[in-house]
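Contents: one structure, followed by commentary.
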Amino acid sequence: MTTASPRTAPAVSAELVAAFKAGMQRLAAAPCVLTTRHEDRRFGLTASAVCSLTADPPTLIACVNESAEAWGAIDASGRICVNVLAAGQVEIAQRFAGMLGHRGEARFEGLEWDLLASGAPVLRGALAAFDCTVAERVRWSTHTAFICRVEAATVNDAGDPLVYANRQFLRAAPL
Ligand SMILES: Cc1cc2nc3c(=O)[nH]c(=O)nc-3n(C[C@H](O)[C@H](O)[C@H](O)COP(=O)(O)O)c2cc1C
């Protein structure tokens with residue numbers, strides 16, 4: 001594990017933090033559902049802090065708040081399935097963000113899931129799914145950046161991608 005600490009950095013002003021948040025709200029991102037299985041229980045959360053790192057080897061980064069229930073399960077299992085959502089799956093994004101009152105296993109109920117060899121659940125109908133093994137962890141302030149080796153990827157071209165920007169869910173469609 002790589003441990004970096006922002007505690008050694010100089011204090012930042014509240015104005016800078018507010019400007020950072022306002023700027024990041026304008027950075028459109030794709031909400032994904034990160035899932036894992038640990039000790040025979042499923043865990044998941046909505047995360048848009050997911051991006052490609054390298055294509056060779058296929059590697060991505062997923063950033064997870066250490067306060068999220070799924071964080072400990074991801075950290076302990078070392079496995080994540082990244083489910084990329086379509087615009088028609090906005091309720092799933094809300095559900096896995098806790099916006100509809102679901103927690104734990106209740107987030108998975110009533111939806112169709114397949115099981116990866118690792119045991120992580122894959123959302124049937126996700127635009128893409130990446131079956132990952134955690135290769136490296138970078139802990140920074142409130143979050144851990146999980147650097148993940150992609151073991152398998154599936155795609156499904158059913159629908160426009162879901163996007164989140166300016167604190168709203170949006171549909172990504174051609175201009
Ligand atoms: C659009 C959107 C994107 C989010 N992206 C992230 C993210 O990248 N990382 C993260 O840790 N939480 C992210 N969240 C927040 C989590 O989904 C939320 O805190 C969730 O409830 C996890 O905590 P819990 O499982 O303990 O309830 C995002 C929420 C929304 C609505």
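Listed values, structure above:
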| read-out | value |
| --- | --- |
| DSSP beta bridge pairing in the range 1-148, given as percent antiparallel to the nearest 5 | 95 |
| Cysteines without a disulfide-compatible neighbour (Cβ-Cβ under 4.7 Å), the chain | Cys32, Cys51, Cys63, Cys81 |
| Highest-fluctuation residue, Ser13, Ser118, Ser77 considered, GNM on the chain with Cα pairs under 10 Å | Ser13 |
| Neighbour cut-off at most 13 other Cβ (10 Å), DSSP loop, trypsin sites (Lys or Arg not before Pro), the range 82-163 | Arg103, Arg124 |
| Tail weight of P(r) past 16 Å, computed on alpha-carbon pairs of the range 40-100, percent | 51 |
| Rule-of-thumb Rg ratio for the chain [Cα; 2.2 N^0.38 Å; N residues] | 1.03 |
| Inter-label distance for Ala14 and Val155, nm, one decimal - labels placed 7 Å from Cα along Cα-to-Cβ | 4.7 |
| Sequence of Cys81, Cys51 once ranked by neighbouring C-beta atoms within 10 Å, starting from the fewest | Cys51, Cys81 |
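Any read-out appearing in this document is the output of simple, stated calculations on the displayed coordinates, not a laboratory observation. Every value quoted in this text rests on a predicted model; they were computed, and no experiment measured them. In this analysis, Cβ positions are derived from the backbone assuming ideal geometry, glycine residues included, and neighbour counts consider all displayed protein chains.
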